[in-house]
Amino acid sequence: MLDARTVQLGAGAQAVRILGPAQQTLKRLGEARTGAAAASGTADAAAADAGTEDQVTRVRARRQLAAVLIDGLPRPGALLAEQLARLPLGLLLLRDDHPVDREDVAEGYPAAAVGHTRAVAVRRSCMRQNPEMTVLTCSEPPPQPPASPETAASGLPQEPVDIHVIFAVRAVDPTRLRAAAARARLVLPVVRAPEQWQIGPLLSRERGPCPQCLELYGTASDPHWTAAQAALAEQSPIDARSSLSEGDPGFAGHAAPAEEAAAAVVASLLAREIQLVIDGQFMPQTARRRIGLGAATGWLSLEPVTAHPECECRLRTPGPG
């Protein structure tokens, strides 16, 4: 402002002078600049909102098309199913023909479910969480005949499942892992080992690590690893309490508080891993690791597990590892 009636914009040869009440001129210039900035900010916010809406739409579509099979329904498996029902997914398959008994009721199953299978009981609970979601029960499939040349050439899985979650005690039979990998895109083993839960690694027949990778790692340290894993799996049903003895708190008909807390943590970890896989925005921890969770202490550990350098899956893996 040069004087009461003159405002100058710029300097030198490019200067422009505006004649009139200087204070009113400055006020109008300030309002115009503020309006332009607001318009620019609104445009940027609209673009950001559009990008967020597109991202939300993609994630919602991926979830609506996803199919997850939970194979075995101890307490963590039941809690996992309920969390996935709230996500929600397009299809949730439940497999566990074990009848609900008093130990199951002590661990959280409703008393009204006694006489039904765990799969039926958990399905009812999921439908209460989300009545519009598709939740189905299924039984263990019979042994499949050798694939015909036409089936093998098609490369299609026998069951259209994105993620097959397997709950087991002590170990998962390697044959069972291979069969699951032949039917599902990804397999996530969850093992109740002594003193801890072992989650993962996430197995993929296309990118690795795969079931054959685990066998190669195991047999490198123990030539009888495959037979030992099968024997351990055969000795234990798909039930976490099978590892309890008469001296343990959970044997007398009620779940120990540490077991209840561990079940909730395991279910939450699994739900988050599955959500990350389906949404496709971030890599889950189990993609290249095995998570260990202490059942009593709650400590967490991460063990790297990558594709075995001699496994065939490395031929289909883009890049290292």
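The rows are residues; the columns are (1) at pLDDT 90 or above; (2) not in a helix (DSSP H, G or I).
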residue	(1), (2)
Arg124	yes, no
Pro142	no, yes
Glu159	no, yes
Asp162	yes, yes
Leu177	yes, no
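Considering only residues in the stretch 100-123 that are under 13 Å from Gly72 (Cα atoms), touching a His at 6+ places or on another chain (Cβ under 7 Å) and not basic (Lys, Arg), the one that is surrounded by the fewest Cβ atoms within 10 Å (Cβ to Cβ) turns out to be Thr117. Taking the criterion of being aromatic (Phe, Trp, Tyr) and either under 26 Å from the mean Cα position of the chain (by Cα) or assigned to a loop (DSSP other than H, G, I, E, B) (or both), the only residue of the stretch 211-237 that qualifies is Tyr217. Within the stretch 76-97, the residues that satisfy the criterion of being hydrophobic (A, V, I, L, M, F, W, C) and outside any helix (DSSP H, G or I) are Leu87, Leu89, Leu91, Leu92, Leu93, Leu94. Per this entry, Leu269 is counted among residues that are surrounded by 15 or more Cβ atoms within 10 Å (Cβ to Cβ), at pLDDT 50 or above and of a type outside the set (S, T, N, Q).
Is it the case that some residue within the stretch 239-255 is in contact with a strand residue (DSSP E or B) (Cβ under 8 Å, 6 or more places away or on another chain), modelled with pLDDT of 80 or more and either within 30 Å of Arg62 (Cβ to Cβ) or surrounded by 15 or more Cβ atoms within 10 Å (Cβ to Cβ) (or both)? For the stretch 239-255, residues in contact with a strand residue (DSSP E or B) (Cβ under 8 Å, 6 or more places away or on another chain), modelled with pLDDT of 80 or more and either within 30 Å of Arg62 (Cβ to Cβ) or surrounded by 15 or more Cβ atoms within 10 Å (Cβ to Cβ) (or both): absent.
Among the candidates Glu107, Glu103, which residue alone is in contact with a Pro (Cβ under 9 Å, 6 or more places away or on another chain), of a type in the set (D, E, K, R) and either within 20 Å of Ser268 (Cα to Cα) or in contact (Cβ under 8 Å) with a residue 12 or more places away in the chain (or both)? It is Glu107.
On the given criteria, is Leu91 closer than 16 Å to Ile166 by Cβ and under 17 Å from the mean Cα position of the chain (by Cα)? No: the conditions fail for Leu91. Contact map, the stretch 187-214: residues that are more than 10 Å from Leu177 (Cα to Cα) paired with residues that are at pLDDT 90 or above and acidic (Asp, Glu), Cβ distance under 9 Å, separation 6+ or inter-chain. Pairs shown: Gln198/Glu303; Ile199/Glu273; Gly200/Glu273; Gly200/Glu303; Pro201/Glu303; Leu202/Glu273.
The values are calculated or read from the model by the stated rules, or taken from the named source; none is laboratory data. Quick caveat, the model's predicted, so the values are computed rather than measured. Methodologically, a virtual Cβ is constructed for each residue, glycine included, from the backbone with ideal geometry; neighbour enumeration extends over all protein chains shown.
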